[in-house]
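What follows is a short report on a single structure.
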Protein chains: 2
Amino acid sequence: MTWLDLPADTPFGLANLPYGVFVRDDDRPRVGVRIGDSVLDLAAALDDPTFARSSLNEFLAQGRARWTEVRSRVRELLTDARHRDAVTPLLVPLAEVRLLLPVEIGDYVDFYASEQHASNVGRMFRPGAEPLTPNWKHLPIGYHGRSGTVVASGTPIVRPSGQRKAPADPAPTFGPSRRLDIEAEVGFVVGTGSRLGEPVALKDFPEHVFGVCLVNDWSARDLQAWEYVPLGPFLGKSFATSVSPWIVPLDALEEARVAPPARDPEPLPYLRDGDEHWGLDLTLEVRLNGHVVARPPAATLYWTAAQQLAHMTVNGASLRPGDLYASGTVSGPEREQFGSLLELSWAGETPIELPDGGTRTFLEDGDEVTITATAPGPDGTRIGFGEVTGRVDPAR
Amino acid sequence: MTWLDLPADTPFGLANLPYGVFVRDDDRPRVGVRIGDSVLDLAAALDDPTFARSSLNEFLAQGRARWTEVRSRVRELLTDARHRDAVTPLLVPLAEVRLLLPVEIGDYVDFYASEQHASNVGRMFRPGAEPLTPNWKHLPIGYHGRSGTVVASGTPIVRPSGQRKAPADPAPTFGPSRRLDIEAEVGFVVGTGSRLGEPVALKDFPEHVFGVCLVNDWSARDLQAWEYVPLGPFLGKSFATSVSPWIVPLDALEEARVAPPARDPEPLPYLRDGDEHWGLDLTLEVRLNGHVVARPPAATLYWTAAQQLAHMTVNGASLRPGDLYASGTVSGPEREQFGSLLELSWAGETPIELPDGGTRTFLEDGDEVTITATAPGPDGTRIGFGEVTGRVDPAR
């Protein structure tokens, strides 16, 4: 039990303790841990300059033993009442801080791990063909995104312009995207790096991955549809990717681990997870202008983050502290579980109805999208992930 | 004229002055400028800590006016004989230094700008279809690569393993790539960054791009063929990308600028280059175990680096100092101008003959590939780019 006065059902209790980077007034950015609606100033609480930084990267690079040590020291500070007088002044109310991008991103990789999402997109983008490409159930399909445009939650999203060409158009035209979309995803932050030429085995996932955040992989579907053959998505994705400010450590997600869906066919040995159950039972919630439009269930993802890590490195590609990879859009089997407007509106054919009487196929200027999530914690509690939010600004 | 004793036809004379990062003995890395077969220690020569760094990034971020100022100061030091006594001790023989990766890479983007290469690949990968996809002549196709595995010239390349599946195979198998290849490319290093949401116009190319290097984009064709639909190349490329140690500043390439090929159809306005001729007349040379196997001509590239920059940012994607983008494989119209073994051996059908009596379709363990290039300089001289080299180590 903590000596703080917290509601019993807080999603940011002792079982969570996510890490972020905050700034107060004109002070320098610092690493903090969220407890309830406060941020514990770690540099001060632990008297450690690792946390007097503008990103988590230095701490991430220190590895699992150190992550465990710091987590256990923070729990001690927040439970042993003898620390109350010393620690209380180091708790900053959330309302008084600005939260920054918590990680200096190395490489950003986006996967495509939801069978429902990949099938939906296949049906819409390649009508008449098999919804899943022949490789989909053999490997976690992924691609590199633009790490320099990964932005903190709250950053305004300028509507991108680019080339658009519908199949019936004689030639492409240039202009603002008319099919601006979101993708509700789960993100994984790499802590410990690896050496070039040396694959990371699936079982070593918790040695290398520090924690989990939420990702909105903004997508311009019209730009993407015209450009993506043969080398994949580029400008349709690279204008912005938003991430939530709190990195929930894997240590907080023991109760959220679930068996992933059965795989058929059985994957090649380096992708077999046996009893290493790294399915994660996060329930996402997507709100458009405050109205819930979807509740995508991450437990349905076909490929786990541990499999993604093993695949991403099986060719010898190295990892760096601060690498980020994301699940791809999380979509469950029901329409209200689809994690993109492309799917929710079925490529614009069935608009979403909003409570104000309006409808949406894709995003309009001024629209605000917020993704939140929780996962099971100990004793029936929930672990919170905070939110990733962004508002659409008009094209320039 | 320089006071140094240099051959009149040196490709590393006063007209070139490329930048790199070197280390001598156990000293710390420093930025240097190459002149002849020496490296000028810039931190000492200019008494400026910007150059006492392990990368060019700080200098890159300072922008075009500063790049011009430093270049002109270096020329003065190397031409005015009054500086000879002070500067001579700051010239380190190349033989005494190790050259490092010159830039801390932000994002790495690989384009696909050679019409001959894209047509060749289309014929091999999608037989029976049009060689070029319908978008190819409307926009410079590109994708993000893995910046964390961009390595210095000379770094051994471990043969990657992964999933391979020929069309006739019933299922994929796992093992070392059997189709390990190279791609001879020209790389462009971004100096000045840009703001999120603000496109960089084609005419502003020289304000943002600092210089040019050589790139070997190692490729595992069997991994790539199986994985690349629908999201593009991933593990087939991400295991290693080698770059040459010297960044030749754009200022050294005035005589190398040529009109690019005529474009048909005319591109959309943001890609029109008018009189901004940023075709670059580099002639690459690819050697396999010392034997020249190709001389790809970069002047034939359909899309220029200025068009690539305008395209990459037209959706508002921002640039960072140290971003790297590459042309994609340079292939001219003749077989001996093809910049990959895939094309030179026509997917393995027509092996290359080597002087030792051996033949090659794709790379064998122990093979060493070296790419060099020169471009026209003033008064009939040539500008040198040095080399990017790598040897294939067996799979682990």
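The values are calculated or read from the model by the stated rules, or taken from the named source; none is laboratory data. Worth saying up front: this structure is predicted, and the values here are computed from it rather than measured. For neighbour counting, all protein chains shown are included, and Cβ atoms are generated from backbone atoms with ideal geometry for every residue, glycine included. The area values use the complete protein model at the heavy-atom level, side chains included, leaving out ligands, DNA and RNA. Shrake-Rupley method; radii C 1.70, N 1.55, O 1.52, S 1.80 Å.
Extension gain, A:Glu130-A:Asp80: 0.36 nm per intervening residue step, less the Cα-Cα distance, totals 12.1 nm.
When chain A is turned onto chain B, its residue with the beta carbon nearest the axis, and that distance in whole angstrom, is A:Gly232, 1. Each Cα pair under 8 Å and six or more residues apart adds its sequence gap; the mean of these over the residue count of region B:68-222 is a relative contact order of 17 percent. Any chance you could tell me what percent of the C-alpha pair distances in the protein assembly as shown go past 53 Å? Tail fraction, whole percent: 12.
Once the Cβ-Cβ distance of A:Asp5 and B:Val23 is raised to the sixth power relative to R0 = 45 Å, the FRET efficiency obtained is 0.20.
Peptide B:232-244 is shielded by partner chain Cβ atoms: per residue, an average of 5 of them sit within 10 Å of its Cβ.
Carbon-plus-sulfur accessible fraction, region A:108-393 (probe radius 1.4 Å, protein heavy atoms only): 50%. Between the Cα long axis of helix A:115-125 and the first principal axis of chain A there is an angle of about 30°, rounded to the nearest 10.
Cross-link partners for B:Lys137 among the lysines, with Cα-Cα distance under 23 Å and sequence neighbours closer than 8 places in the same chain left out: A:Lys165, A:Lys237, B:Lys203.
Rolling a 1.4 Å probe across the protein heavy atoms gives region B:19-100 an accessible surface of 49 Å² per residue.
Our coupling estimate for region A:375-385, obtained by passing each phi through the Karplus curve with A = 6.51, B = -1.76, C = 1.60 and θ = phi - 60°, is 9, x, x, x, 6, x, 7, 10, 8, x, 10 Hz, Gly and Pro reported as x. Seen against the Cα atoms of chain A and their longest principal axis, helix A:64-79 is set at about 60 degrees.
Take each residue in B:159-167, count the other chain C-beta atoms within 10 Å of its C-beta, and the mean is 4. The residues neighbouring A:Leu6, those whose beta-carbon lies less than 13 Å from its own, together hold a net charge of -2 under the Lys/Arg +1, Asp/Glu -1 convention.
Among A:Val200, A:Val248, A:Val292, the largest mean-square fluctuation in a Gaussian network model of chain A (Cα springs under 10 Å) belongs to A:Val292.
Using Cα springs under 10 Å in a Gaussian network model of chain A, which residue among A:Ala65, A:Ala168, A:Ala373 shows the largest mean-square fluctuation? Top of the fluctuation ranking is A:Ala168.
Protection proxy ranking for B:151-158, B:261-268, A:212-219, using the average of other Cβ atoms within 10 Å per residue and placing the highest first: A:212-219, B:151-158, B:261-268.
Peptide A:144-155 has a mean of 5 when you count, residue by residue, the C-beta atoms of other protein chains within 10 Å of its C-beta.
Short-range pairs are left out: with C-alpha atoms under 8 Å and at least six residues apart, the relative contact order of chain B is 22 percent.
Amide H contacts under 5 Å for A:Val21: A:Gly32, A:Leu100, restricted to partners 5 or more places along the chain or on a different chain, H placed in the peptide plane at 1.01 Å from N.
Shape class of region A:19-100 from the Cα gyration tensor (axes a ≥ b ≥ c, square roots of the eigenvalues): oblate, since a/c reaches 1.5 or more and a/b does not exceed b/c.
For region A:91-139 versus region B:211-228, the inter-centroid distance based on Cα atoms is 24 Å. When the square roots of the Cα gyration tensor eigenvalues are ordered a ≥ b ≥ c, the ratio a/c for region B:226-280 is 1.5 or more and a/b does not exceed b/c, which makes its shape oblate. With only the Cα atoms considered, region B:173-284 has a convex hull volume of 172 Å³ per residue.
Diffusion coefficient of chain B by Stokes-Einstein, Kirkwood radius over Cα pairs, 25 °C, 0.890 mPa s: 114 µm²/s.
Stretching the chain fully between A:Val292 and A:Asp393 yields a gain of 34.3 nm (0.36 nm per residue, less the alpha carbon separation). In the Gaussian network model of chain A, springs joining C-alpha atoms below 10 Å, which of A:Ala201, A:Ala252, A:Ala306 carries the largest mean-square fluctuation? Among A:Ala201, A:Ala252, A:Ala306, the largest GNM mean-square fluctuation belongs to A:Ala201. Projected label points at B:Glu349 and A:Leu94, each 7 Å from Cα along the beta carbon direction, are separated by 6.3 nanometres.
For the pair A:Gln62 and B:Glu364, label points projected 7 Å from Cα toward Cβ lie 5.1 nm apart.
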